[in-house]
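Encoded as structure tokens, the structure appears first; notes follow it.
The values are calculated or read from the model by the stated rules, or taken from the named source; none is laboratory data. As the structure is a computational prediction, the values presented were derived from the model and not from experiment. Note: ideal-geometry Cβ built from the backbone for every residue, glycine included; neighbour counts use all protein chains shown.
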Amino acid sequence: MNLFRMPAALAVAAFALAVTPGTAQAHEGDHPFANCTEAYDNGYSNIAEGDEHYGSHLDRDQDGIGCDQPPADFEPAEDTAEDTADNTTDDTDLAATGGNSATPYLAGGGAVVLLAGGGVLMAVRRRRTTQE
């Protein structure tokens, strides 16, 4: 058994875990809603073309306004503090990172891979020193 193959395999596995997208996309970003039901649930309707939440899949009649037929019980989203003129509070919210419940498991898995790789390297070095 070639002992250098295992650390290489562990490094490839760690790299694969690092580049695999394991986070969900937060809604507050600059992407369209999945469908009009999601838009209505979040308080959005009559989404104009060019808006960050607009998508051609939301505009069935192709008139440039998506989700233009809200249900009878639709309630529009409330204005944020940025929209009010007397905004005296300091907004200290952190930026959304897009993390989800899988993030701690990915971090833990990466740590295990790094520790295993270090253990293998130590075992190889000990074996070399005892064989000389």
Among residues of region 59-74, those that are surrounded by 10 or more Cβ atoms within 10 Å (Cβ to Cβ) and over 10 Å from SER45 (Cβ atoms), counted: 3
Search result, residues across region 42-62 that are in a loop (DSSP other than H, G, I, E, B) and in contact with a helix residue (DSSP H, G or I) (Cβ under 8 Å, 6 or more places away or on another chain): SER45, HIS53, GLN62
Of all residues in region 17-41 being of a type in the set (S, T, N, Q) and modelled with pLDDT of 85 or more, the one that is surrounded by the most Cβ atoms within 10 Å (Cβ to Cβ): ASN35
